[in-house]
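Structure, as structure tokens:
The values are calculated or read from the model by the stated rules, or taken from the named source; none is laboratory data. Just so it is clear, the structure is predicted and the values come from calculations on it, not from any experiment. Every residue, glycine as well, gets a Cβ built from its backbone with ideal geometry; the counts of neighbours run over all protein chains shown. The area values use the complete protein model at the heavy-atom level, side chains included, leaving out ligands, DNA and RNA. Shrake-Rupley method; radii C 1.70, N 1.55, O 1.52, S 1.80 Å.
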Amino acid sequence: YDCTKTLDQNKAVVDSIVDDLADPVIKALGDPKSTFTETSCAFEGEDKHCIYSNFEILTYPSPDGDRIQAVYLNNDLVKTAEGLKIGDSKAKVEELYGTGAGVSGNQYTYEKGGMSLMIIVENDAVTSISYASDILGTVTQ
């Protein structure tokens, strides 16, 4: 799946750019509808949530600046680069991404290039789509 393009709140397609520096992305998107911070439980500093109309960006602190940890698609007005959106069927998930997902209950996880695409399906309909960095799997205490 495509995870290399920049987010654009004015387009129907939202591609994830996890682990990229957050500031250039957020500046390009414009001001979010709202933001909030919380003490990071995995990193030193604060995690930041930037909430836009159709998606949310979660950042994590890193030595060279905040980086994007996750992107959550919030409604059927945005879709993945491959064309999946909330409300689509499980069959469409498998058509677009194949049947090789890790499955835990109703969550399908597709991993590629240090990130995961997580899709939750309930009653044969996609109810949640998110991209997340696998950075937490590499953090050592």
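Which numbered condition in (1) open to solvent by 50 Å² or more (accessible area, probe 1.4 Å); (2) touching a Lys or Arg at 6+ places or on another chain (Cβ under 6 Å) is the only one that I51 fails?
Condition (1) is where I51 drops out.
Give me a count of the residues in the range 84-122 that are part of a strand (DSSP E or B), farther than 18 Å from S133 by Cβ and small (G, A, S).
Matching residues across the range 84-122 total 2.
Listed residues T35, T39, T59; which is surrounded by fewer than 12 Cβ atoms within 10 Å (Cβ to Cβ) and either farther than 16 Å from I129 by Cβ or at pLDDT below 85 (or both)? Let's see the steps before the verdict.
On the way: T35 fails: surrounded by fewer than 12 Cβ atoms within 10 Å (Cβ to Cβ); T59 fails: surrounded by fewer than 12 Cβ atoms within 10 Å (Cβ to Cβ).
None of the others qualify; the one that does is T39.
From the list G105, G114, which one is within 29 Å of E38 (Cβ to Cβ), free of Cβ contacts under 8 Å to residues at least 12 places away in the same chain and exposed (fewer than 15 other Cβ atoms within 10 Å of the Cβ)? Give the derivation first.
Numbers: G114 fails: free of Cβ contacts under 8 Å to residues at least 12 places away in the same chain.
Just one listed residue meets the conditions, G105.
What are the residues in the range 64-80 that are touching a strand residue (DSSP E or B) at 6+ places or on another chain (Cβ under 6 Å), assigned to a loop (DSSP other than H, G, I, E, B) and within 19 Å of D134 (Cβ to Cβ), if any?
Result: D66, single match.
What are the pairs with Cβ atoms under 7 angstrom where one residue, in the range 45-57, is in contact (Cβ under 8 Å) with a residue 60 or more places away in the chain and assigned to a loop (DSSP other than H, G, I, E, B) and the other, located anywhere, is open to solvent by 40 Å² or more (accessible area, probe 1.4 Å) and not polar (S, T, N, Q)? Sequence gap at least six, or different chains.
Qualifying pairs under 7 Å: none.
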